[in-house]
Amino acid sequence: MTRLCIALDTDYEKAVDLIKSIKNKEVVFKVGYKLFISHHRKITDLIKQEGFELFLDLKLHDIPNTVKDGVLSARELGADYLTVHVSAGSEALRSAVEVAEGLKLLGVTLLTSLEEPHLKELGVCVSKDEYVVKLSALALSCGLSGLVCSGKELPLLKSKFNFFAVVPGVRLEEESSDDQKRVVSLQEAIKKGADMLVLGRSILRAEDPIQKVEDILVLLSSHP
Ligand code: C5P
């Protein structure tokens, strides 16, 4: 079954409320810049104490030794998943894998907020699909556990590689896509083979976020 990961891109009080209210321990909580920079251990410890898996979305992108240190520190926090930008290069990825042990490293291919014109801006002259395939092949050959990718590229990547697919940029029906560009619907992402869906604003903006999570879990369980 596709798992649900809630992106806690919100204030501390709302995040604590969500962590304490959700009973289904199969839900994964993702902590990113907003909460980690200002509340770090207070929030990561709570997630672990409440019995959830911790997804640390720090998108490491640095020289190999610094990335390795980042992975070691994430392990100390008890993180279960950690993101690394594949564009940090093979040496950084291998250094991360060397010390990851049980921590699952997820390679960020191309952010779901970027499209082909952005690649040109960055001086990348291959198509978006070629670029994503190239980064995915590199990540998996270096031993990463999975990839963060858009639902748009999922069929292409699943046809080429066997990997754990984490899909952000997911929206429920008739919602704004915000800053996300390569967006797919929740049903589409499940059908295309996502192993874990990352949802932030669709849940956080709901009038009743807990009920929204319940509704999504029902939907996920009806697509085994
Ligand atoms: O609010 P929304 O559902 O768009 O949030 C998506 C989450 O997934 C954010 O926390 C964002 O940082 C994260 N993410 C992403 N694209 C990636 C990797 C992570 O949107 N490639």
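Residues whose amide H falls under 5 Å from that of L58, counting only those 5 or more places apart or on a different chain, are T83, with hydrogens built in the peptide plane.
Using θ = phi - 60° in the Karplus curve 6.51 cos²θ - 1.76 cosθ + 1.60, the 3J(HN,Hα) couplings for segment 163-173 round to 8, 8, 9, 9, 10, x, x, 10, 10, 7, 3 Hz; x is entered for Gly and Pro.
Mind checking the per residue accessible area of segment 128-201 for me, 1.4 Å probe, whole number of Å²?
Details: 3090 Å² over 74 residues.
Per residue, segment 128-201 has 42 Å² of solvent-accessible surface.
Between the beta carbons of E101 and S221, assuming R0 = 41 Å, the FRET efficiency works out to 0.85 to the nearest 0.05.
As a calculated quantity, the FRET efficiency between M1 and K160 at R0 = 22 Å, using C-beta atoms, amounts to about 0.40.
For segment 107-124, the Karplus equation 6.51 cos²θ - 1.76 cosθ + 1.60, evaluated at θ = phi - 60°, returns couplings of x, 8, 7, 10, 3, 6, 8, 10, 10, 3, x, 5, 5, 4, 3, 8, x, 8 Hz by residue, with Gly and Pro reported as x.
Backbone amide hydrogens, once placed in the peptide plane, bring K104 within less than 5 Å of Y81, L82, excluding anything fewer than 5 places away on its chain.
How big is D, in µm² s⁻¹, for segment 146-224 by Stokes-Einstein at 4 °C and 1.567 mPa s if Rh is the Kirkwood radius over C-alpha pairs?
For these conditions, the coefficient is 100 µm²/s.
Of the residues V133, V31, V124, the one that moves most in a GNM of the chain with alpha-carbon contacts below 10 Å is V124. In summary, the lysines within cross-link reach of K30, defined as a Cα separation below 21 angstrom excluding same-chain residues under 8 places away, comprise K14, K20, K42, K48, K59, K68, K104, K181, K212.
Rounded to the nearest whole Hz, the Karplus-based 3J(HN,Hα) values (6.51 cos²θ - 1.76 cosθ + 1.60, θ = phi - 60°) of segment 198-206 follow the sequence 9, 10, x, 4, 4, 8, 5, 8, 5, with x at glycine and proline. The fraction of accessible area contributed by carbon and sulfur in the chain is 50 percent, rounded to a whole number (1.4 Å probe; ligands and nucleic acids excluded). Gyration tensor over the Cα atoms of the chain: the corresponding equivalent ellipsoid has semi-axes (square roots of 5 times the eigenvalues, largest first) of 26, 22, 16 Å.
The amide H of V28, built 1.01 Å from its N in the peptide plane, has L4, C5, I6 as neighbours under 5 Å, considering only residues 5 or more places off or on other chains.
The values are calculated or read from the model by the stated rules, or taken from the named source; none is laboratory data. Since the structure is predicted, the reported quantities are computational estimates derived from the model, not experimental observations. When we count neighbours, we look across all protein chains shown, and the Cβ atoms used for this are built from the backbone with ideal geometry, even at glycine. With ligands, DNA and RNA removed, areas are computed over all heavy atoms of the protein, side chains included. Shrake-Rupley method; radii C 1.70, N 1.55, O 1.52, S 1.80 Å.
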